[in-house]
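**Student:** Before I ask anything, let me first share the structure, which is written out below as structure tokens.
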Amino acid sequence: MKTACVICQEEVELYDRADHLMVKHPAPVGGFKFWFHGEAYYTDHPSMLVLEILRVVNCSAAYQFWEERLDGDIPLSHANAVDLRREPRFYAVPPATF
Ligand SMILES: [Zn+2]
């Protein structure tokens with residue numbers, strides 16, 4: 001199964017995704033930085049799945065994940081790959097309980 005790299009849009013086999021990211025998009029010194037609830041996190045991965053980020057930041061996978069954007073925040077699902085090269089800011093909120 002192939003998937004498009006979120007960074008360069010190249011089609012890569014799913015099992016090659018980690019290698020592709022490491023070779024084509026190597027981490028800067030100190031790693032890629034992203035923010036979650038105002039706290040800085042660092043990773044060697046230029047791109048991660050939302051589910052992987054939730055694990056890294058120790059957040060419940062039941063939460064709705066959002067990326068803060070100047071033009072309006074966007075909700076992301078667990079299978080979405082996010083680009084971590086420009087210090088993105090994320091947050092998560094508990095599932096709605098109406
Ligand atoms: Zn790529």
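The values are calculated or read from the model by the stated rules, or taken from the named source; none is laboratory data. Everything numeric here is computed off the predicted structure, so don't read it as measured data. Here the Cβ is made from the backbone with ideal geometry for all residues, glycine too, and neighbour counts use every protein chain on show.
**Student:** So which residues in the range 86-98 are touching a strand residue (DSSP E or B) at 6+ places or on another chain (Cβ under 6 Å) and in a loop (DSSP other than H, G, I, E, B), if there are any at all?
**Tutor:** Hits for the range 86-98 are GLU87, PRO88.
**Student:** Related question: Mind checking which residues of the range 55-78 are of a type in the set (Phe, Trp, Tyr) and in a loop (DSSP other than H, G, I, E, B)?
**Tutor:** The one that is of a type in the set (Phe, Trp, Tyr) and in a loop (DSSP other than H, G, I, E, B): TYR63.
**Student:** Could I ask something else about it? When both residues are 6+ apart or on different chains and their Cβ atoms are under 7 Å apart, which pairs have a first residue that lies in the range 26-38 and is without any contact (Cβ under 8 Å) to a residue 40 or more places away in the chain, and a second that is basic (Lys, Arg) and assigned to a loop (DSSP other than H, G, I, E, B)?
**Tutor:** As it stands, the answer is none, since no pair meets every condition given.
Results for (1) in contact with a Phe, Trp or Tyr (Cβ under 7 Å, 6 or more places away or on another chain); (2) over 17 Å from THR3 (Cα atoms), shown as yes or no for each residue.
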| residue | (1), (2) |
| --- | --- |
| PHE34 | yes, yes |
| GLU39 | no, yes |
| ARG55 | no, yes |
| CYS59 | no, yes |
| ALA62 | no, yes |
| SER77 | no, no |
| VAL82 | no, no |
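**Student:** Any chance you could count how many residues in the range 34-54 are over 11 Å from the mean Cα position of the chain (by Cα) and closer than 17 Å to PRO95 by Cα?
**Tutor:** Matching residues across the range 34-54 total 1.
**Student:** Also, I was wondering about something else. Between ALA61, ALA96, ALA79, ALA92, which is at pLDDT below 95, out of contact with any Asp or Glu (no Cβ under 8 Å at 6 or more places or on another chain) and within 17 Å of HIS37 (Cβ to Cβ)?
**Tutor:** Only one candidate passes the filter, namely ALA61.
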